[in-house]
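Read-outs: derived from the displayed coordinates by stated rules, not from any lab. Here the structure is a predicted model, which means the values were calculated and not measured. Heads up, the Cβs are rebuilt from the backbone with ideal geometry, glycines too, and the neighbour counts pull from every protein chain shown.
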Amino acid sequence: MTFNVIINVPDYAPREKHPAIFKSFDSLKKGEFMQIVNDHDPRPLQYQFMMERPETFSWEYLEEGPETWRVTIGKTK
């Protein structure tokens, strides 16, 4: 799988994390993917996607801790 964007979430200031992720997601075209790498489970971000971008994304864990979480987020619409 090819990722158009890879975001290492801990590199961002707390208030910039989710906005940076959503900005990158919004720049994707249908069928493209991004990856986020985080130091904790990004489940709250998944819930935010469900609320703010319903039915427009796919979410797949590639690695689930305990130190690193990697998630593929795809644009479906």
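What distance in nm lies between label points placed 7 Å from Cα along the C-beta direction at ASN4 and LEU62?
For ASN4 paired with LEU62, the spin-label model returns 1.6 nm.
What is the helix-to-structure angle for 43-52, meaning the angle in degrees between its Cα long axis and the longest Cα principal axis of the chain, kept from 0 to 90 and rounded to the nearest 10?
30
Amide H to amide H under 5 Å from ILE7: which residues, 5+ apart in sequence or cross-chain, H placed 1.01 Å off N in plane?
GLN35, ILE36, VAL37
Starting from the amide H of HIS40, placed 1.01 Å from N in the peptide plane, find each other amide H under 5 Å away whose residue is 5 or more places distant or on another chain.
Counting only residues 5 or more places away or on other chains, the set is TRP69.
Applying the Karplus parametrisation 6.51 cos²θ - 1.76 cosθ + 1.60 with θ = phi - 60° to the phi angles of the stretch 2-14, what ³J(HN,Hα) value in whole Hz is obtained for each residue in order, glycine and proline being reported as x?
Along the stretch 2-14, the couplings run 9, 9, 6, 9, 10, 10, 8, 4, x, 6, 9, 5, x Hz.
Please list, in chain and number order, the residues 5+ apart from LEU62 or on another chain whose amide H is under 5 Å from its amide H, with Hs placed from the backbone.
ARG70, VAL71, THR72
If you plug each phi of the stretch 29-35 into the Karplus form 6.51 cos²θ - 1.76 cosθ + 1.60 with θ = phi - 60°, what whole-Hz ³J(HN,Hα) values come out, in order, with x for Gly and Pro?
These are the phi-based 3J(HN,Hα) values: 9, 3, x, 8, 10, 10, 10 Hz.
Within 10 Å, Cβ to Cβ, of ARG70, how many net charges do the neighbouring residues add up to if Lys/Arg are +1 and Asp/Glu are -1?
-3
Would you mind calculating the relative contact order of the chain from Cα pairs under 8 angstrom and at least 6 residues apart, reporting the percent as a whole number?
Averaging sequence separation for qualifying contacts and normalising by length gives 34 percent for the chain.
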